[in-house]
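Heads up, the thing below is written out as structure tokens.
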Amino acid sequence: LTAPQVNDGNICVSVYVDTAEGLCEQIRRAEPLADIIELRLDHLESGEIDNLLASLPQITKRYLFTFRPRSQGGPLELSLSKRKALWANLLSKLEGLDYLVDYEADLELPARFDSDRAIVSTHDFGRTAKDARPVFSTLSR
């Protein structure tokens with residue numbers, strides 16, 4: 001008997017708490033288990049994002065940053081302008097990190113973001129699309 005072949009997929013562990021200190025602890029706990037660590041910035045208390053970025057652990061894994069409004073599965077109502085400001089601020093602080101960003105289809109990232117690091121997503125918690133082609137077309141623009 002031979003072992004079944006395993007694909008080269010990645011394991012992503014999502015971490016979220018309301019303080020930078022707590023999130024850093026969760027990152028350290030997730031690192032041995034994950035290939036990618038998703039940081040849910042939308043769960044941090046006001047002012048904690050800058051604290052997190054100043055104390056973000058240097059890890060050997062890739063970070064995935066998300067900042068979702070309530071309509072897309074986040075905990076808060078976040079205006080489009082607030083989300084744009086977050087991504088613009090974040091870009092200047094990611095240099096030297098191995099990272100991805102996951103942003104919603106209604107948002108365009110600043111032009112300086114490397115599109116190879118971007119995941120564009122949309123979430124409809126009310127229904128499943130009968131035909132995924134229009135959704136794919138929106139996301140692949």
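Out of curiosity, is ARG70 surrounded by 13 or more Cβ atoms within 10 Å (Cβ to Cβ) and either more than 27 Å from ARG112 (Cα to Cα) or among the charged types (D, E, K, R) (or both)? In short, no.
All conditions in (1) open to solvent by 50 Å² or more (accessible area, probe 1.4 Å); (2) in a loop (DSSP other than H, G, I, E, B) hold for PRO57, with the sole exception of (1).
For the range 11-48, give me each residue that is more than 20 Å from ASN89 (Cβ to Cβ), part of a loop (DSSP other than H, G, I, E, B) and open to solvent by 30 Å² or more (accessible area, probe 1.4 Å). If the condition is that a residue be more than 20 Å from ASN89 (Cβ to Cβ), part of a loop (DSSP other than H, G, I, E, B) and open to solvent by 30 Å² or more (accessible area, probe 1.4 Å), then ILE11, VAL17, GLU31, PRO32, LEU33, ASP35 are the ones that fit. Among the residues of the range 73-92, those that are open to solvent by 70 Å² or more (accessible area, probe 1.4 Å), modelled with pLDDT of 85 or more and not aliphatic (A, V, I, L, M) comprise GLU77, SER81, LYS82, LYS84.
Across the range 107-141, the number of residues qualifying as at pLDDT below 75 and part of a helix (DSSP H, G or I) comes to 6. Residues of the range 72-88 that are part of a helix (DSSP H, G or I) and touching a residue at least 12 places away in the same chain (Cβ under 8 Å): GLN72, LEU80, ARG83, LYS84, LEU86, TRP87, ALA88.
The values are calculated or read from the model by the stated rules, or taken from the named source; none is laboratory data. Please read all numbers here as calculations on a predicted model, not as lab measurements. Counting neighbours? That spans all protein chains shown, and the Cβs are built from the backbone with ideal geometry, glycine included. Please note that ligands, DNA and RNA were not included when accessible areas were found on the heavy atoms of the full protein model with its side chains. Shrake-Rupley method; radii C 1.70, N 1.55, O 1.52, S 1.80 Å.
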